[in-house]
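What follows is a single structure, written as C-alpha cells, with notes after it.
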Amino acid sequence: MKNKILYKLLQEKKITFGAIESMTGGLFSKTITDLPGISSFFKGALIAYQEETKTNILKINKDLINKYGVVSKEVAVALAKAGQKYLNVHLCIAITGNAGPSVEKDQKEIGEVYYAISYLEKFYSYELKLVGQRNKIREKTVKKMIESIISILS
C-alpha cells in the first residue's frame, strides 16, 4: 500500500531517486523494485556495506567516520549527499546502522539505526532504536524509510 502511495507521489512530482544502503544490504532496493513501473523513477542503488566502500567509492571523509563512527547521523547525511551526486537524482536515501547480531567496533547498540534523505537542496536525518532479530530490524527500517520519503514528498 505504502509503495503505491510513493509511486503516485514520484509520478506527480516527476522525482528521480536512488539509495545508498549499508545495514539493509539491498533490502530497500528490493522492496522498491518489487513495484512495477518504478524504473521510471528509481535510478539505482549502491550497497556500501564496508567502511572501505564508503570512503573509496563515495569519498566519505575518514575523519568524519573516525569522529562519529560509521553508524551515525553524520555519516548517514554524508552518504545521502554523496549518493545524490553520484546517482544524479533529485532524492537519495542512505542508511547505516547495526542490525546485529553483535556490537561492532563503533560500540553502537543492536537496533541503532540512522538514515538520511537528501532531497533537492534539503537534508533530513532520522534515528531509530529498534528491537528484534536482525531481519526484523532491517524490515522495520525499510518500512520507516519508505514512510519518511512519502512524508517529505507529501
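The values are calculated or read from the model by the stated rules, or taken from the named source; none is laboratory data. Here the structure is a predicted model, which is why all the values come from computation and not from measurement. Cβ coordinates were reconstructed from backbone atoms using ideal geometry, including for glycine residues, and neighbour counts include every protein chain displayed.
Rundown of residues vs (1) within 13 Å of the chain's Cα centre (by Cα); (2) at pLDDT 95 or above, yes/no style:
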residue: TYR114; (1), (2): yes, yes
residue: ILE117; (1), (2): yes, yes
residue: LEU120; (1), (2): no, no
residue: SER125; (1), (2): yes, yes
residue: LEU128; (1), (2): yes, yes
residue: GLN133; (1), (2): no, no
residue: ILE146; (1), (2): yes, yes
residue: ILE149; (1), (2): yes, yes
residue: ILE152; (1), (2): no, yes
- Query: In segment 1-46, which residue that is within 15 Å of the chain's Cα centre (by Cα) and among the aromatic types (Phe, Trp, Tyr) is farthest from VAL89 (Cα to Cα)?
  - Reply: PHE28
- Unmet criterion (only one of (1) out of contact with any Ser or Thr (no Cβ under 7 Å at 6 or more places or on another chain); (2) surrounded by fewer than 16 Cβ atoms within 10 Å (Cβ to Cβ); (3) of a type outside the set (S, T, N, Q)) for LEU46: (2)
- Criterion (closer than 20 Å to LYS143 by Cα, of a type in the set (Lys, Arg) and assigned to a helix (DSSP H, G or I)) met by exactly one of LYS43, LYS67, LYS30, LYS85: LYS30
